[in-house]
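The next block holds one structure in the form of structure tokens; read it before the comments.
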Amino acid sequence: PFGLVMKRLMDAMNGVPTHGRDSMDRSEAERLRREEALERSRARLGELRRASARNRMLLRYRADDYPSLGATLKSYEEIEKKKVLPWTEMLRTLLLGMRDPHSPLSLLNTDILRLIYGMLVEGWKKSVVRTYPAYCVGRVNSARRNADASASNLDIIHHRGMAVPLDSIAVFAPKRYMRKGYTIDKRPQVAMSNCGQVQFPIPSDLNVNMMPFILGDKESLPENVQPYYDKVIANCPVQDEEVGKVCYLTVSEGYIQPNQTQRRPGLHTEAPGSFQTGSHFVAAWEHTWGMGFAYSPDELHGGLYMASNVLDSCAVWNALVVDDELGDVDYHGGIEHLRSFLGEPVKLRANQLVWITDRTPHEALPLPRGGYRQFFRLVTSRVSLWFKDHSTPNPKVPLPSHVTVIEGTKFKK
């Protein structure tokens with residue numbers, strides 16, 4: 001850093017001895033370098049989030065790529081009306097038990113089994129919240145100037161010394177889902193948001209999983225991983241609150257055999273207990289007339305960012321799994337039995353960067369023809385468990401004290 005160089009030069013000119021201070025100076029130089037790197041990162045993040053908000057709003061008018069909100073909500077209604085019981089491994093076990101004379105389940109008849117399983121399915125339905133696509137969600141100036149900030153879909157923000165009430169809205173939603181003025185009964189929830197396009201670095205068969213590093217400091221990553229910082233990590237519109245904290249990087253590069261997945265297959269959320277819950281999306285404050293102009297950036301609190309360089313190799317759902325009282329999510333995050341309640345997925349385009357919560361259903365898709373694939377994931381700092389057998393340590397960055405290290409595989413309870 002320039003300031004430290006000038007200080008050393010002045011000391012030399014004045015004859016001040018420097019013996020024994022080299023190690024201290026190196027430590028001070030490293031501290032100043034990191035502070036400058038973090039400050040540059042914070043300065044960039046605000047504009048990244050504003051750009052993300054603008055791109056998200058412009059997606060409202062790209063009907064060829066995205067379904068209308070009305071069609072999406074109609075599909076949700078159809079899911080609610082379904083009375084067919086989904087086929088799951090649990091149902092298979094129950095049916096096998098009924099046919100096994102040595103099992104107590106053989107005492108049940110078909111009607112009783114249908115009643116029991118039907119009650120279980122109704123509980124599963126309640127654990128799934130289907131969400132609005134992020135491009136349809138926004139916040140605009142409220143007509144309720146003297147409104148109470150405790151209203152379910154109202155936010156009070158301070159702008160230029162004034163308190164500004166904002167209504168959360170769902171743009172283009174059919175009237176039966178909305179109140180007068182495009183406000184809805186509850187604040188729209190968002191499970192995923194498009195964050196634009198990224199450019200992957202030249203591949204090198206790199207594979208790291210949940211590697212800790214300091215967000216905002218490229219030098220905290222091993223040298224062979226650093227190309228991902230400038231190309232991908234630096235383009236994630238994270239919140240300023242994450243800068244300087246330990247976050248976690250996953251990179252998978254390699255050839256995938258035909259009809260195989262690169263990452264673990266199956267519908268899942270991030271493993272229960274691995275994250276400290278609370279990740280959520282807050283839409284930008286935008287122009288009331290829908291002009292694609294944002295006064296403030298989007299806010300993407302917690303969660304994770306991911307991207308792949310292969311088209312249709314990952315699917316994400318506009319839904320959240322919000323209640324696990326009935327054990328709706330298994331030990332490693334599997335929710336295959338909830339698939340029929342989620343609606344249609346969004347298949348990610350090549351190099352598309354998305355933000356999701358730790359409760360958002362997603363899955364890796366098999367590649368029909370195989371091919372070389374690069375996958376990226378950035379997990380923000382709200383991590384409570386780190387599975388040693390599945391994760392990559394970083395000699396430069398230790399794990400935070402609040403993170404518990406788990407020995408053994410995470411795929412066995």
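Throughout, read-outs are computed from the coordinates displayed, never taken from laboratory work. Every value quoted in this text rests on a predicted model; they were computed, and no experiment measured them. Because the Cβ atoms are built from the backbone with ideal geometry, glycine has one as well, and the counts that use them run over all protein chains shown.
Measuring between alpha carbons in the structure, the pairs from 347/388; 231/347; 218/245 lying more than 19 angstrom apart are 347/388; 231/347. Under a 5 Å amide H cut-off, with hydrogens placed 1.01 Å from N, residue 254 pairs with 373 among residues at least 5 apart or on other chains.
Highest average first, the peptides 340-353, 254-267 ordered by how many other beta carbon atoms sit within 10 Å of their residues are 340-353, 254-267. Using the average count of surrounding beta-carbon atoms within 10 Å as a protection proxy, the listed peptides 90-97, 300-307, 231-238 rank, highest first, as 300-307, 231-238, 90-97.
Its Kirkwood hydrodynamic radius, worked out from the mean inverse distance over all distinct Cα pairs, puts region 329-413 at 16.2 Å. Principal axis analysis of the Cα atoms in region 361-401 yields extents of 44, 26, 18 Å, listed in decreasing size.
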